[in-house]
Amino acid sequence: SHEQGTQAGKVPLRQILGSVFGLFLLISVLTSMANNGINSQISNIMPNVYGISEAETSTLISIAGALNMVLFIPAGRLMAKRGTLPTYSLGVIMRLVGALGMAVVGMISGAPALIAVAFMQLLYQANPFARLAQPGTAVRFATFPAGMANGWLIAGSALGGFGGALLGGVLADAYGFNAVNWMGAAAAAGSIALLVLGLWPAKPVEPDPE
């Protein structure tokens, strides 16, 4: 509405960034760094770290995309039953376990490639849960109109994606491709810490719809 647009224009930046919504925004930046940092280098990570061929890597990415489409259904059911924050939290946790698993397997000489593949798929399958629940979670913790909240969410996710891809490339050049996995794991761990210590105890502005 015009009234909402007027209110949105009057929201000071400190109200956005210095609030629980600002904490959620930081979590979104970090989890996007983890996801997109690894995704941007996945075609290099799989062959160089685990010995999986380029053709096999492409097949694995295609399989991940197909599974994503299927998993949006249970993700939607979970969100309807449990709410947006638990669904979003599950996606963020899956990203941490996937990234950390890939990083640890990358350090073990002679580790079966299938274990790395399993963690890679787990990282990718976090997307339906995290992405589906992100907009609703943003609105729950915002003290301003939903459109503005989701605009900030998209901007924060884009910033995290840009930062993750850029930092991932720098780390890959300097330390090797498994360093990208460790970067993703560190960013995901930071997002989980903020989620558990800050967002879970916070009282949402808007409750989940029944």
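The angle between the Cα long axis of helix 146-175 and the main principal axis of the chain comes to about 20°, on a 0 to 90 degree scale.
Considering the dipole of the chain built from charges on the beta carbon (Lys and Arg +1, Asp and Glu -1) around the Cα centre, which of Phe141, Thr57, Ser43 is farthest to its positive end? Sorting the options by dipole projection puts first Phe141. The alpha carbons of segment 57-181 give a radius of gyration and a Dmax of 16.4, 53 Å, in that order. Think of segment 64-210 as having a plus end and a minus end, set by charges on the Cβ of Lys, Arg, Asp and Glu; of Ala188, Thr84, Gly164, Thr84 sits farthest toward the positive end of this dipole. Per residue, the solvent-accessible area of segment 123-207 (1.4 Å probe, heavy atoms of protein chains only, all protein chains present) comes to 42 Å². Cα centroid separation, segment 34-107 to segment 135-210: 15 Å. Derived value for segment 122-192: Kirkwood hydrodynamic radius 13.7 Å. Basis is the mean of 1/r over every pair of different alpha-carbon atoms.
In segment 100-149, the inverse of the mean reciprocal separation of distinct Cα atoms equals 13.3 Å; this is its Kirkwood hydrodynamic radius. Heavy-atom accessible surface of segment 1-95, averaged per residue, reaches 51 Å², computed with a 1.4 Å probe. The accessible surface of the chain, taken with every protein chain in place and a 1.4 Å probe, is 68 percent carbon and sulfur. For segment 132-171, the square roots a ≥ b ≥ c of the C-alpha gyration tensor eigenvalues yield an a/c of 1.5 or more together with a/b exceeding b/c, which makes the shape prolate. The mean of 1/r over all pairs of different alpha-carbon atoms in the chain, once inverted, gives a Kirkwood hydrodynamic radius of 17.7 Å. Once both labels are positioned 7 Å from their Cα atoms along Cα-to-Cβ, the gap between Asn150 and Ala66 label points is 3.1 nm. Taking the C-alpha atoms only, the angle from helix 113-125 to the longest principal axis of the chain is near 20 degrees. The ratio of the alpha-carbon radius of gyration of segment 30-99 to the globular-protein estimate 2.2 N^0.38 Å is 1.29.
The values are calculated or read from the model by the stated rules, or taken from the named source; none is laboratory data. These numbers come from a predicted model, not from an experiment. Cβ sites come from the backbone with ideal geometry, for glycine too, and all protein chains shown count toward neighbours. Note: accessible area is taken over every heavy atom of the protein model, side chains too, but ligands, DNA and RNA are not part of it. Shrake-Rupley method; radii C 1.70, N 1.55, O 1.52, S 1.80 Å.
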